[in-house]
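Just below is one structure, and these are the notes that go with it.
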Amino acid sequence: MVEKSELIRVPAFADLPDDQIAWFLSNSQEVRFTAGETYVRQGDPADWMFVLLEGQFQWRGEFGGETVILAGKAGEVTGVLPFSRMKQFTVSGRAVTDARVLRFPAALLPELVQRMPELTTRLVGYMSDRIRETTRIEQQRDRLVSLGKLSAGLAHELNNPASAARRASSQLRVILKKIKETSLELGRRDLTPAQKSEIEKLEAWFTQTDVLPPDALTISDLEDQMDSLLRSHGQNDLWQLAAALARRNIKPEVLESLFASLDADTARAALIRIAASVEVASLLHEIESSTSRISDLVGAIKEYTYMDQSPVQNVDVVRSLETTLTILNHKLKHGVVVQRDYQPVLLVNSFGSELNQVWTNIIDNAIDAMHGKGELRIRTYREDSCAVVEIADNGPGISSDIKPHIFEPFFTTKGVGQGTGLGLDTVQRIVKKHRGNIQVTSKPGDTRFQVWLPLAETAS
């Protein structure tokens, strides 16, 4: 039997009157558990409050497809607490070591509130701490899930140009070797200054960087004409060269002057070097384009996170939205058309990275609602003393029975492991932090989220 002296060592029961302690003990049951034994299971009716008297404990539960494990120890009060609306236990509890627990029936909690007001106050404080901790864990998990999704998308976006640059640099090594060999071949021939000039002129012209590539049909026609010309001059195995020159929109007649001024072998060496130079120019352009894309993505990441910047600063809303679209490009590019209607909007003393979270959550939800294919409409404008950001999609809409709950913490319509239900809750908290508000209208084919934020003159 549990003595008063043992119970008052539990912080929640310290300094309580003897008659209250006696009443509590008279209505409680002491239960002993061996190491590894389960004393409550997830999904069981929430019928008990537990005072952990001796031993080590562990709570384990499944949330959003992931396992969460929390430790418990002697001196804690857990289970159903006063004013809790819990109907079923959301976690399972087991003894890690041999343990003792004092079990108090939830049915007597209303009487406990009347008889033990000081204990009730303390237990409500514990429940508030528990809610805060649960919310913190879920919010952290939501941030990690969001970060994981963004990281996976960015890794893919960065990998494409990085792979292209690596592939081009590898090909460049082979092409440069070919240029070296053909240059040595031409160096062994007794070329006149006019012949050298003709080769250099064609090489410079063919490697211009501002040449617009022709369409596929024109390339095919040019390739056939070029191949016929080369064959007419005895060059029967230079079909690859014909293709390379055709892609640069080079006409067959341009090569006639080369064949007119050089013998067949010299013309062949010159053509191979010219084609290699053309390929070098193309590969350098590809490397430049790929590395520029990587640089742009890194810049977008730095802007999105406000890396190396003060967390509170003036925010260009349009630029903020465009940065978010860049970050989410991996989800947009396979079937989402973005329509933009921007008016310049500047917010003063705002949390830029948090506003990016707002745009990310709303846009990400819109893409998911359209199943990755549809029209995303983004509009910014001023109304009265507010900046308004409207993000709309032509998905199926939000049903009337779901709409009242979308901003509730942990409410989600997504499958297990796909959402925590904290995305729009986070959106609403951030918008309120900026002294703004968010409005939603929805019907099939037209769902609109409007974020209203105070403009500079109001914010200041």
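The values are calculated or read from the model by the stated rules, or taken from the named source; none is laboratory data. These figures come from a predicted structure and were not determined experimentally. Because the Cβ atoms are built from the backbone with ideal geometry, glycine has one as well, and the counts that use them run over all protein chains shown. Calculation scope for accessible area: heavy atoms of the full protein, side chains included, ligands and nucleic acids excluded. Shrake-Rupley method; radii C 1.70, N 1.55, O 1.52, S 1.80 Å.
See the values below:
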quantity	calculated
The listed residue being touching a residue at least 60 places away in the same chain (Cβ under 8 Å), open to solvent by 10 Å² or more (accessible area, probe 1.4 Å) and of a type in the set (K, R), out of K251, K302, K331	K331
Conditions (1) buried (at least 16 other Cβ atoms within 10 Å of the Cβ); (2) over 20 Å from E157 (Cβ atoms); number of the one not met by E256	(1)
Boolean, T420 is modelled with pLDDT under 90, within 24 Å of the chain's Cα centre (by Cα) and open to solvent by 70 Å² or more (accessible area, probe 1.4 Å)	no
Subset of the range 1-37 [open to solvent by 40 Å² or more (accessible area, probe 1.4 Å), in contact (Cβ under 8 Å) with a residue 40 or more places away in the chain and not in a loop (DSSP other than H, G, I, E, B)]	P11, Q29, E30, R32
Selection count, the range 259-271, where residues are hydrophobic (A, V, I, L, M, F, W, C), closer than 21 Å to L184 by Cβ, open to solvent by less than 40 Å² (accessible area, probe 1.4 Å) and assigned to a helix (DSSP H, G or I)	4
Qualifying residue in the range 221-239 (condition: more than 30 Å from I327 (Cα to Cα), open to solvent by 70 Å² or more (accessible area, probe 1.4 Å), touching an Asp or Glu at 6+ places or on another chain (Cβ under 7 Å) and at pLDDT below 85)	yes
Test: L297 is assigned to a helix (DSSP H, G or I), more than 28 Å from G187 (Cα to Cα), in contact with an Asp or Glu (Cβ under 9 Å, 6 or more places away or on another chain) and open to solvent by less than 10 Å² (accessible area, probe 1.4 Å)	yes
Strands (runs of 3 or more DSSP E) lying entirely in the range 65-128 (those with 1 or more residues that are within 19 Å of P17 (Cβ to Cβ))	77-79, 99-105
Residue in the range 386-408 that is in contact (Cβ under 8 Å) with a residue 40 or more places away in the chain, open to solvent by 60 Å² or more (accessible area, probe 1.4 Å), over 26 Å from K443 (Cα atoms) and not polar (S, T, N, Q) present	no
Any pair with Cβ under 8 angstrom, 6 or more apart, that starts in the range 438-453 at a residue that is touching a residue at least 40 places away in the same chain (Cβ under 8 Å) and ends at one that is of a type in the set (F, W, Y) and buried (at least 19 other Cβ atoms within 10 Å of the Cβ)	V440/F449
